[in-house]
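FYI, it's all coordinate maths here, none of it is from the lab. Quick caveat: nothing in here was measured; it's all calculated off a predicted structure. As a convention, Cβ positions derive from the backbone with ideal geometry for all residues, glycine included, and neighbour counts pool all protein chains shown.
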Amino acid sequence: MQIKKNDKEYDVVIVGSGAGGGMSAKILSENGLKVAIIEAGPYFDPADKDMKTQLRWPWESPRRGASTTRPFGDYNAAFGGWELPNEPYATVGDTRFEWFRSRMLGGRTNHWGRISLRFGPDDFHRKDLDGLGANWPITYEEIKPYYDRVDKLIGVTGTNEGLHNDPDGYFLPPPKPRLSELLYTKAARANGVPVYPSRMSMLTKKLNEDRGVCFYCAQCSRSCAVYADFSAGSCLIFPAMKHGGQIDLLVNCMAREVMTDDTGKATAVSYVSKDDRREYEVKGKVIVLAASACETARLLLNSRMKGQTNGLGNSSGTVGRYLHDSTGAGISGFIPSLMNRTRYNEDGMGGMHVYSPWWGDNKKLDFPRGYHIEMGGSMGMPMYGFGGGHKEIQKLLNYKVGGYGNPLLKEMKEVYGAYFYMAGRGESVALYDNYCEIDPTGVDEWGIPTLRFHYKWTDHERLQAKHMQETFRSIMTDMGGTVLTPERTYEEDYGLLAPGAIIHEVGTTRMGDDPRDSVTNKYGRLHDVPNVFVNDAGTFASQADKNPTWTILALAMRNSEHIVSELKKMNI
Amino acid sequence: MDRRKTLKTLLGGAVGTAIFTQTGCRNDDPVPASAVEPENTGYGLRTAWEAEREELLRDQRFFSDFELETIGVLADIIVPAGEDHPKATDTGVVDFIEFMAKDQPTVHQTRLRGGLAWLNAESSKRYDGKAFIEASPEEQIALVDDIAYPEVIEDEPLHPMAPGVRFFDHMRFMVITGFFTSKPGIDYLGYVGNQPNVWDGVPQEVLDKHGLAYDEELLPKYVDQSRRTITAEWDDDGNLIS
């Protein structure tokens, strides 16, 4: 039910409907709890004919899919981007930070890459291993059962390889690699880089009655109309509602504050309706924050408990601190042996069919922590920008640069599908001095104080990016390819993208056993407030060289079952 | 089902019927009907902000008829009709360029309008006061040949043809990208995807051509597409058993 105002008290009010909010809603509602979800964006269902962008052709868009209003193109399912109209954020000094927000039911799960890597045993106690950052208050063994259940509940492709820090799971069978991925496999292995079938949350095989099976259009970033990829709306919230869960969706509602009573317990969340710009609040016995690491920090910092002024749950002063994103750097190249390709449909699953987990031994390297490799190159659907790099190829092939007419068209036809890219996604070290805070001068159009960011890469990340560049260049060369990306120097951070650019920001409300230097306990409960939980990536003590979503899902499942049990025991 | 009704049903929490019904499909190819049914108009949900913005753009006009005509002539020089494809103006490229000029004004407007003006000035100088579209096809090509190859300005940024070279470079990009994102352009290119299918690897003849093969050891681990409709089950060790 969609509501704006009522006096109903919910068992749980959840802020945010992405991976963390969606999983929380499913687990809590299945256990008979009455749940309200506050979502800042509109309702979204990719199965709805009017909403769906899957299988549309470039010419259906007047801009041929250009990224004018959506950073990843016109058909990308994210309603949002690096900048949202009238919802600003700022950076301080020479900070570069990019913050991707997607305002819609399901949040950023609608467009994400679906690379679904569980953390490994080492990832929960990196400080023990290299003395940097913080250990998690939980071990892999404690969270493993939840990862296993997430695998079976949501579905992820892969193979059991018995790798120490990239653990086995319950995998759906992976699709066969594409042509360029076979070339990559050969060249990467020759460079000592392992290659395995990719671990992606698409259904290559039937999982349950609520979901369809992948039909290989490569368009997971558009959110699948048959629910064959994982999006939180399609795969958690809708099924939970369908199977009788009592979930009320408050869409187009922007949370403003968590309200607390004199005893220091949370009672409600106040919010502004984007439809009528009026203020409301929704009461809950328990409040679950899953608005994304930075939005959750913002919400806490904007909330006030009686007698204190630096934000709710912030007695440690660490809300917003230890913000960290994955490192990211990549190269692209051109592979002449892939010219004049035989045409066939190689769309495949959205994204890569193989991947390389971290293989290095940091004791022998000049940087801590590792990265995994994502890659690709195929005869994909042309979109705005097609042909934009052709002059580079002409130079490389010693053709006359420029030109027009049918000879030019013929050239473009010949080189189609001969591009290849590699990208590293690695672990950065969480630092106290990389953080977000409330901007004393900023407010968005909803009257909510905005964030400003402080973030600097260190040599840990720069040297890791250098290693990526060297590795990728060597592999590309061994594939018979020519690298198109210029070599980057130390001063250019070896090609590291800005923090935030990988959209894996975590750590702003980190969990820990010591309330003096962490925000939540190991179940995501605020140390300072007995009935407020954080079920997004804010609680990550460290990021790992993996994508965060599978861990968000596992933790949200675990935290939510803890909430159910605590409510039963009358502890909350 | 109309959208409002869909929304109402879903928002009411009573999603009683599976929207992703798989009836009516071949057993070995379970592409749900909903994935291939005819589409509505439009191109997928826009946010209110996007929709308002687009309406505003649609009400505006940037290029004059004279400019649009010039763009059309240039577009057909860049992509003339061939044995297996139509010319650019028959693939919607002019409308696309007009839209992009309004959609990304700082990227396109001055570059294109200024370039067209330069082109007409150059044509007028060379051909007795004739605008580019009034020049003969041979004259047009002679001028285009002087601005179609960036090497002439590589060592000489102030070369008299430099504004023309930079303009043509941008126009070429717009026409090429517009052509290859049109239906005839995609047909010409030979892209055969964007449709439900069952991926079962690279065709054998292509593997042979490139001297590649699938790893025998891995083959049993890849998805068996004949069993894709059978619900996944695992043993306690994580081995798929269905």
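Structure values in brief
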{"read-out": "With Cα atoms, 0 to 90° folded angle of helix A:19-30 axis to chain A main axis", "value": "50 degrees"}
{"read-out": "By average C-beta atoms within 10 angstrom, highest first, the peptides A:524-536, A:39-51", "value": "A:524-536, A:39-51"}
{"read-out": "Amide H contacts of A:THR260 (H built 1.01 Å from N, under 5 Å, at least 5 apart or other chain)", "value": "A:THR267"}
{"read-out": "Debye log10 I(q)/I(0) at q = 0.13, 0.16 Å⁻¹ for the stretch A:103-251, Cα point scatterers", "value": "-0.74, -1.03"}
{"read-out": "Helix A:140-154 axis, angle to chain A major axis (alpha carbon atoms, nearest 10°)", "value": "70 degrees"}
{"read-out": "In order through the stretch B:197-211: 3J(HN,Hα) via Karplus (6.51 cos²θ - 1.76 cosθ + 1.60), integer Hz, x for Gly, Pro", "value": "7, 10, 6, 10, x, 6, x, 4, 5, 6, 4, 4, 4, 9, x"}
{"read-out": "Reachable lysines from A:LYS265, criterion Cα separation under 29 angstrom, eight or more residues apart if same chain", "value": "A:LYS4, A:LYS5, A:LYS8, A:LYS26, A:LYS34, A:LYS274, A:LYS283, A:LYS285, A:LYS306, A:LYS522, A:LYS568, A:LYS569"}
{"read-out": "Translational D in µm²/s for the stretch A:229-314 (Stokes-Einstein at 4 °C, 1.567 mPa s, Kirkwood Rh from C-alpha pairs)", "value": "89 µm²/s"}
{"read-out": "Across A:LYS456/B:LYS102; A:LYS49/A:LYS176; A:LYS410/B:LYS183; A:LYS410/A:LYS466, pairs whose alpha-carbon gap is larger than 27 Å", "value": "A:LYS456/B:LYS102; A:LYS49/A:LYS176; A:LYS410/A:LYS466"}
{"read-out": "Exposure proxy ranking, count of Cβ atoms within 10 Å, fewest first, for A:TRP112, B:TRP118, B:TRP199", "value": "B:TRP118, B:TRP199, A:TRP112"}
{"read-out": "For A:LEU172, distant residues with modelled amide H under 5 Å away", "value": "A:VAL156, A:THR157, A:GLY158"}
{"read-out": "Computed [θ] at 222 nm, helices only, for the protein assembly as shown once each DSSP H run of length n ≥ 4 contributes -39500 (n - 2.57)", "value": "-9000 deg cm²/dmol"}
{"read-out": "Under the Karplus curve 6.51 cos²θ - 1.76 cosθ + 1.60, θ = phi - 60°, whole-Hz ³J(HN,Hα) for the stretch A:287-303, x wherever Gly or Pro sits", "value": "10, 10, 9, 8, 8, 4, 3, 6, 5, 5, 4, 4, 4, 5, 5, 8, 9"}
{"read-out": "For A:THR318, net neighbour charge (Lys/Arg +1, Asp/Glu -1) across residues whose Cβ lies under 11 Å away", "value": "+1"}
{"read-out": "Coil-residue GluC sites (Glu not before Pro) of the stretch A:438-516, DSSP, other Cβ within 10 Å capped at 11", "value": "A:GLU491"}
{"read-out": "For the stretch B:44-49, 3J(HN,Hα) per residue [Karplus equation, 6.51 cos²θ - 1.76 cosθ + 1.60, θ = phi - 60°, Hz, x = Gly/Pro]", "value": "x, 4, 9, 6, 4, 4"}
{"read-out": "Nonlocal amide H pairs with A:GLY442, under 5 Å, H built at 1.01 Å", "value": "A:THR450"}
{"read-out": "Helix A:549-568 vs. chain A, principal-axis angle (Cα, 0 to 90°, nearest 10)", "value": "20 degrees"}
{"read-out": "The stretch B:49-189 - charge dipole about Cα centre, Lys and Arg +1 at Cβ, Asp and Glu -1, debye rounded to 20", "value": "320 debye"}
{"read-out": "Charge-dipole axis of the protein assembly as shown as Lys and Arg at +1 and Asp and Glu at -1 on Cβ define it, positive-most pick from A:SER560, B:GLN204, A:SER231", "value": "A:SER560"}
{"read-out": "Rounded to 5, percent antiparallel among DSSP beta bridges of the protein assembly as shown", "value": "65 percent"}
{"read-out": "Cubic angstrom per residue, convex hull over Cα atoms of the stretch B:49-189", "value": "124 Å³"}
{"read-out": "The protein assembly as shown - Kirkwood radius from inverse mean 1/r over Cα pairs (Å)", "value": "28.0 Å"}
{"read-out": "Pairs of Cα atoms farther than 18 Å apart, the stretch A:11-115, %", "value": "59 percent"}
